[in-house]
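Here is the structure we will look at, set down as structure tokens.
Quick note: the coordinates plus some simple rules give every number you see, no bench work behind them. These figures come from a predicted structure and were not determined experimentally. Note that each Cβ is placed from the backbone with ideal geometry, even for glycine, and that neighbours are counted across all protein chains shown.
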Amino acid sequence: MGDINVYSGPMKSGKTNEILNEYKRQLVAGKSVEMFKPSIDTRGKTNFVVSRNGIDIPAITINNIADLQNYDADVYCIDEFQFLDGNIKVIQEMADNGKKFYISGLNLTAERHPFGKMADLLCIADNIHFLNAICDNCKNENATLTYYKGSKNTDIVIGDHEYMSLCRNCYNEFTKNNKDD
């Protein structure tokens, strides 16, 4: 039976760690498993998905959701899904045909807009796990937003040093204080 499992939340909430754990779990269950990441994600090792705690698993880099159809596995793990282009129906059809998915991604941009295809993915998911981070400012345990510390532009900046995980109060305070920047 196929299904779509999504881990979403702000940066530093443990999304990647969740799919790495599921990857290992599915291998123990005897399933054929493939790990994928968008080619735009050049952090760390190019052909690996790497968690903040140093765990890494080899990954296939792809650009488009349709690229998944080129691989035959029981289980597909995808990190940083928000950066993929393409039609979300590909995943829905593959799940309808018995494939399992474990997918992580940011649901919102730093401006609190739906990020890439994540909103569409959340609509077709069988299971959604929203994760919280620790607020980088006040240490509140319910940081649900990602804040970009740099100047606003249209380019996506990939990396950890440019972003903060913030609770709603700190996010509102930071955006109010930096509104004129």
Could I have the simple spin-label model distance between Asp85 and Lys45, label points 7 Å from Cα toward Cβ, reported in nm to one decimal? 2.9 nm
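Determine the dipole magnitude for the chain: charges of +1 sit on the beta-carbon of Lys and Arg, -1 on that of Asp and Glu, nothing else is charged, the reference point is the Cα centre, and the result goes in debye to the nearest 20.
420 debye
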From the square roots a ≥ b ≥ c of the eigenvalues of the alpha-carbon gyration tensor of segment 60-121, which class results: rounded (a/c under 1.5), prolate (a/b over b/c), or oblate? prolate
Provide, for q = 0.11, 0.15 Å⁻¹, the log10 of I(q)/I(0) from a solvent-free Debye sum over equal Cα point scatterers in the chain. -0.47, -0.85
If r is the Cβ-Cβ distance from Lys176 to Thr61 and R0 is 45 Å, what FRET efficiency results, to the nearest 0.05? 0.70
Which chymotrypsin sites (Phe, Trp or Tyr not before Pro) in segment 19-79 pass both tests, a DSSP loop state and at most 15 other beta-carbon atoms within 10 Å? Tyr71
Run the numbers for Ala29 and Asp74: contour at 0.36 nm per residue of separation, minus the present Cα-Cα distance, in nm. 15.1 nm
Fewest-first ordering of Thr46, Thr175 by Cβ atoms within 10 Å yields Thr46, Thr175
Estimated vicinal HN-Hα couplings, Hz - segment 7-14 in sequence order (Karplus 6.51, -1.76, 1.60; Gly, Pro = x): 10, 9, x, x, 4, 6, 9, x
Entries in Lys24/Lys149; Lys12/Lys37; Lys89/Lys139 that, when Cα-Cα distance is taken, lie over 28 Å: Lys24/Lys149; Lys89/Lys139
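Apply the a/c threshold of 1.5 to the C-alpha gyration tensor of segment 31-89 and tell me whether it is rounded, prolate or oblate.
Values: a/c = 2.15, a/b = 1.29, b/c = 1.68.
Oblate.
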